[in-house]
Amino acid sequence: MKRVVLFSIIVVAVIAAAPAAAFAAVHAPRARVQDYFSAADIARSQDYRGLAYFFGFVSLALTLVVLPAGIAAWYHQRAFGLVTNQLPVFLSDTAKATGFSIVAAAVVALVYIVLAKKLPRAWPFAVAAAGCALTFAAIFILPIIYEPAFSSFRPVDPATRARVIAIAAKEGVKVDKVLISLQSVRTTTENAYVSGLGATKRVVLYDTLLARLKPREVDLVVAHEIGHVKHNDILIGALLGSAGVIAGTAAIWWLLRRRRLLVFIGARDHADPAVLPFLAFFIAVATLVTLPLQNYVSRHIEAAADHAALVATNDPQGAVMLEADLARADLADLTPNTVVEFVFFTHPSTMERIQAALDYEAQHP
Ligand SMILES: [Zn+2]
């Protein structure tokens, strides 16, 4: 514990010292700056340097804080038996995820700069259209290039597949690809999801889930996921994401018309690559600010999938058992703080899902 405290103090001290050291270096020259540079030179340099140091400092601070925090979170999960892999696997997963983020950010930045330069007037429409196209393309391609980087997959066994097809038929949906994600080498948590669009659409079940849950519970998990397919939730997600892209582009267009803002960020115009740090900052803030709204919508979508599962299986008692089992296996927050729940919960809480099953039972005796 003492080591953790010492390490934290060093990290904080380094973070605190970086801007002070940079400031001292700029403001303590031996020869007089005024003898060699005009006031305009100095002012222009300071205009640029202030924010340049700020962004450099932020990225340094983020690297110093985020990686140790990620490793600490991994150890914490391991202490509670949720993790089955070794630290190198966690680090290589983190490196891969960072690599994907950098590529995605580079593509977005390049598309923005090229369109903003080529279309001085129509760029907001072109950027919004390209953003929507990229959103759909990403959701289409993630199951093929992103998910395999973090898990191996195998086709589901014929018996389970037959159960999945039968449940899908009950919900009036055709399901083609059903895969098992070999997650037991990484985690003990139990999960399932649907992803992809069109040709890449799939239902994925964790091997951890199939290994431990009773068939009756697996049916309910499958029925929930098929509920997402039935409600076209991936498509709805892509459309909502596109709406966010359009609103974000409109906001950026409106902001970058302000001369004072351009001067503040040190950019000639909206197509100057110097606006990119501002765009990154805007996207980060917009994502954070709209997180409660995104999760509010997500909880409704998840509750609807739960309801579809209850209708398809007519097994509310099984649903209660499943929610309790999943909550125990995943160490779910059983007594969530209202604010935490409102901001961060992508699914209704365990007790809400149990209550929904009990309500369904009461309505269908
Ligand atoms: Zn769901």
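Each value in this text was obtained by applying a stated rule to the coordinates, not by laboratory testing. Computed from a predicted model, the values in this text were never measured in an experiment. Don't worry about glycine lacking a Cβ; one is built from the backbone with ideal geometry, like all the others, and counts go over all protein chains shown.
Beyond 26 Å, how much of the Cα-Cα pair distribution for the stretch 56-189 remains, as a whole percent?
Taking all Cα-Cα pairs of the stretch 56-189, the fraction more than 26 Å apart is 51 percent.
Taking Cα centroids, how far is the stretch 195-244 from the stretch 28-80 in Å?
43 Å
Taking the inverse of the average 1/r across all pairs of different Cα atoms in the stretch 149-245, what Kirkwood radius in Å do you get?
14.0 Å
Any idea what angle helix 316-330 forms with the longest principal axis of the chain, computed on alpha-carbon atoms, 0 to 90 degrees, nearest 10?
40 degrees
Which of R257, R202 has the fewest other C-beta atoms within 10 Å, and how do the rest follow up to the most?
Arranged by neighbour count, lowest to highest, R257, R202 become R257, R202.
Quick one: helix 350-363 against the long Cα principal axis of the chain, what's the angle to the nearest 10°, folded into 0 to 90?
40 degrees
So for the stretch 280-365, what percent of the C-alpha to C-alpha distances run longer than 23 Å?
Looking at the stretch 280-365, the distances longer than 23 Å represent 31 percent of pairs.
Using a 10 angstrom cutoff on alpha carbons, build the Gaussian network for the chain and name the most mobile of V320, V204, V107.
V107
Treating only the Cβ of Lys, Arg, Asp and Glu as charged (+1, +1, -1, -1), what charge dipole size does the chain show about its Cα centre? Round to the nearest 20 debye. Each step should come with its number before you reach the end.
On the way: 32 positive and 27 negative charges, 298 e Å.
Dipole magnitude for the chain comes out near 1440 debye.
When the helices in the chain are scored as -39500 (n - 2.57) per DSSP H run of 4 or longer and the sum is shared across all residues, what 222 nm value do you end up with, to the nearest 500 deg cm²/dmol?
Rounded to the nearest 500, the figure is -24500 deg cm²/dmol.
P(r) for the stretch 192-259, please, calculated from all Cα pair distances in 10 Å bins and given in %.
Bins of 10 Å from zero give 18, 32, 22, 15, 10, 3, 0 percent of pairs.
Expressed as an acute angle from 0 to 90° and rounded to the nearest 10, what is the orientation of the C-alpha long axis of helix 215-230 relative to the principal long axis of the chain?
Approximately 50 degrees, to the nearest ten.
How big is the equivalent ellipsoid of the chain along its three axes, where each semi-axis is √(5λ) from the Cα gyration tensor, reported in whole Å from largest to smallest? Each step should come with its number before you reach the end.
On the way: eigenvalues 432, 140, 68 Å².
After scaling each eigenvalue by five and taking roots: 46, 26, 18 Å.
Of all beta bridges DSSP finds with both residues in the chain, what is the antiparallel percent, to the nearest 5?
In the chain, DSSP labels about 65 percent of beta bridges as antiparallel.
With 10 angstrom as the radius, rank L134, L213, L334, L310 by how many other C-beta atoms surround their C-beta, starting from the fewest.
Numbers: L134 17, L213 20, L334 11, L310 23.
The most exposed by this proxy come first: L334, L134, L213, L310.
Kindly put S151, S45, S38 in sequence by how many other C-beta atoms sit within 10 Å of each C-beta, fewest to most. Intermediate values should be presented prior to the final figure.
Values: S151 18, S45 14, S38 9.
The order, fewest Cβ neighbours first, is S38, S45, S151.
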